[in-house]
Amino acid sequence: MIYLDNNATTRPLPEVVDAMTAALACWGNPSSKHTLGEEAKRLLAGARAQVAALVDAQPVELIFTSGASESNHHALLGALRRPGAPQRVILSAIEHSGYLKSALQLRQQGVEVVLLDVDGAGRIRPEALQHALHEDAALVSVMAANNETGVLQPVETLAELARGRGVPVHVDATQMVGKLPLSFSRWHVDLVSFSAHKFHGPKGVGALLIRKGLSWPVLLGGQQERARRGGTENLPGIAGFAAAARHAMASQVAEAARLASLREGLESVLARIPGCVIHGRAARRLPNTTSLSIAGLSADKILGELARAGICASSGAACSSGGSDPSHVLLAMGVEPALALGAVRLSLGSDTEAHQLSRLAEVLQGMCHSQPMPAAALG
């Protein structure tokens, strides 16, 4: 099997599984004051420090959650619940589909939801945010890297604009953490969300960074997570999260360079396929992500042929893969609906090798009746 759906989820590392297994044996409640509880509390504190170090944050700024979706919703709904907060939020038009859908539902409650335009390469337009900030807002929420195209967003520029108007900034960094270095302290934003399973950690655990000193409403009442999120912590998941963070800190720079080289080789071959369009290629992107459409071919047709060849990929975001609507991300970029409906996302990972991408290219070329390219082109 050739797995090219790493933006959906990644294979847990052996050391992650080992850390989770060990944590299951540390079964005390971290809130208990006896020996077993103190042992669990030390494990929790160590894991918090390790995950915080990955994103250049202070441990006190990191709250463990069930994943980025929960963290995103806490940022969004918390902003609207702050005393005196205007019932107006600003997001980009290319946010993750589930998060965007939840935000748009707020309109039924009288909340004004402003969506920022992007350019043809999929980058959020700073001038669009500047215009939107002519009125006050409870939150500016943007992603660091798009989950479909991999396009990196100008987070620091956008944060500076919002900070100048005193509006809190939330960043969904789900696709960036563990793939590229990230600094919460240097971004000068207020909140950041991410998940463990996007960089070889377990599913069901994530984090929300909340800038030290920022007053923010409680997510779930209780004493855990500095009284921000009640409920006994998922210690095995958190231990796995920390193991994935340690691995990412040691390997992400070299791995990013390796994947970027593989991706560039692949795209140079794909660009020769008649009718093939690579979305967002003109922008800075995650090193592992390619979004493509081939004129005249539907996403179902492409994915079906890839599946028969033992290749796993998806159309757009995994949560909306197989849907009948064009990608909202590509539509926002000005891509024609028919082409957007046929988009396929290829996301490389630690198991990806050049010969696998050569096989992928052969399958795609065969669908278009083009001449096969030599495997050396992807070496």
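The values are calculated or read from the model by the stated rules, or taken from the named source; none is laboratory data. Given the structure is predicted, the values throughout are model-derived calculations rather than measurements. For neighbour counting, all protein chains shown are included, and Cβ atoms are generated from backbone atoms with ideal geometry for every residue, glycine included. Calculation scope for accessible area: heavy atoms of the full protein, side chains included, ligands and nucleic acids excluded. Shrake-Rupley method; radii C 1.70, N 1.55, O 1.52, S 1.80 Å.
Data overview
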| quantity | calculated |
| --- | --- |
| At least 15 Å along the helix axis (C-alpha) and Kyte average at least -0.5, DSSP helices within the chain | 14-25, 35-54, 68-81, 235-270, 354-367 |
| The range 1-153 - convex hull of the alpha-carbon atoms, volume per residue in Å³ | 173 Å³ |
| Heavy atoms of Phe194: accessible area, 1.4 Å probe, square angstrom to 10 | 0 Å² |
| Values of log10 I(q)/I(0), in the order q = 0.13, 0.18 Å⁻¹, for the range 1-84 under a Debye, Cα-only, solvent-free model | -0.65, -1.05 |
| Part-to-part distance (alpha-carbon centres) for the range 215-292 and the range 144-198, which is given in Å | 12 Å |
| Spatially close lysines, pair count over the chain: Cα under 28 Å, gap of eight or more or interchain | 15 |
| Stretchable slack from Arg272 to Arg11, in nm (0.36 nm times residue separation minus alpha-carbon distance) | 90.8 nm |
| Per residue solvent-accessible surface (Å²) - the range 134-255, probe of 1.4 Å | 35 Å² |
| The chain: relative contact order in percent, alpha carbon pairs under 8 Å with at least 6 residues between | 23 percent |
| Protein accessible area in the range 209-257, 1.4 Å probe - carbon and sulfur % | 57 percent |
| Built amide H within the under 5 Å cut-off of Thr65, gap 5+ | Gly206, Ala207, Leu208 |
| As computed over the range 113-188, the Cα convex hull volume per residue (Å³) | 91 Å³ |
| The range 247-359 - percent relative contact order, Cα under 8 Å, separation 6 or more | 29 percent |
| Cβ-derived FRET efficiency at R0 35 Å, Arg82 paired with Glu336, nearest 0.05 | 0.25 |
| Neighbour count of at most 10 Cβ within 10 Å plus DSSP loop: longest trypsin sites (Lys or Arg not before Pro)-free window in the chain | 34-211 |
| Interchain or long-range residues, amide H under 5 Å from Leu13's placed H | none |
| Label point distance in nm, Thr35-Arg284, each placed 7 Å from Cα along Cα→Cβ | 5.3 nm |
| Distant-in-sequence amide H partners of Ser314 (H built 1.01 Å from N, under 5 Å) | Arg345 |
| Positive dipole terminus of the chain, leading residue within Pro126, Met249, Leu360 (C-beta point charges) | Met249 |
